[in-house]
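Computed from the coordinates by the stated procedures, all read-outs in this text should not be read as laboratory data. Predicted model, so just to flag it, every value in this text is computed and none were measured. FYI the Cβ positions are ideal-geometry reconstructions off the backbone, even for glycines, and counts take in every protein chain you see.
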Amino acid sequence: MCFRSDEIYFLTREDVLEIHRQCLMPEEPPEIIHEDLFDSALNQPQASFGGEFLHRNIFEMSAAYLISFSKDHVFMSANKRVALNACLIFLQMNNHRLLLTNDEAIDLTTKCVTGEYTKEKIIEIIRNNTA
């Protein structure tokens, strides 16, 4: 189940592990290879200082899931799939929906990983394509 803070619902460890299991191909092992990076990626969207979230809105928080899980390579496989699905499910849990086609979502994730898109560009795309 999700974790709630100030009316924002965040993904839990169990949520992300289930996303990972759902994203795997039959031959891929469900294995975390970097526990510390997993915890970091999971907690990045809800990071705060002085009682204020560092990511100021739902778009920045969803981008944090996408960026952290896609770039940190916490799993043996399916990191990009987990990252995109964590972003999508986080938005859905908070009554939003990303309106990208499958190809556009894959392109966003790929350009996130390769560094072709900056954090600001990723946030902009999510903000401009969310209902």
- prompt: So what is the orientation-averaged projected area of the stretch 23-63, using the convex hull of its C-alpha atoms, in nm²?
  reply: 3.9
- prompt: Sequence-distant or interchain residues sharing an amide H contact under 5 Å with Thr130, placed H: which?
  reply: Leu99
- request: Compute the distance in nm between two label points, each set 7 Å from the Cα along the Cα-to-Cβ direction, one at Ala47 and one at Thr118.
  value: 1.8
Rg/Rh for the chain, where both radii come from Cα atoms and Rh is the Kirkwood radius: 0.94
- prompt: So what are the ³J(HN,Hα) numbers for the stretch 85-102, from phi and the Karplus equation (6.51, -1.76, 1.60; θ = phi - 60°), rounded to whole Hz, Gly and Pro as x?
  reply: 5, 4, 4, 5, 5, 4, 4, 4, 4, 10, 6, 10, 9, 7, 9, 9, 5, 4
statement: Computed from the beta carbon distance with a Förster radius of 22 Å, FRET efficiency for Thr110 and Glu28 to the nearest 0.05 stands at 0.70
field: Summed residue charge, Cβ within 14 Å of Val113's Cβ, Lys/Arg positive, Asp/Glu negative
entry: +3
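Using Cβ contacts closer than 10 Å as the measure, can you line up Cys23, Cys112 from fewest to most? Could the numbers behind the result be given before it?
Working: Cys23 20, Cys112 25.
Listed from fewest to most nearby Cβ atoms, that is Cys23, Cys112.
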- prompt: Over the Cα atoms of the stretch 57-131, Rg to Rh with Kirkwood Rh, two decimal places?
  reply: 0.93
task: Jot down the radius of gyration and Dmax of the stretch 87-131, Cα atoms only, both in angstrom.
output: 10.3, 29
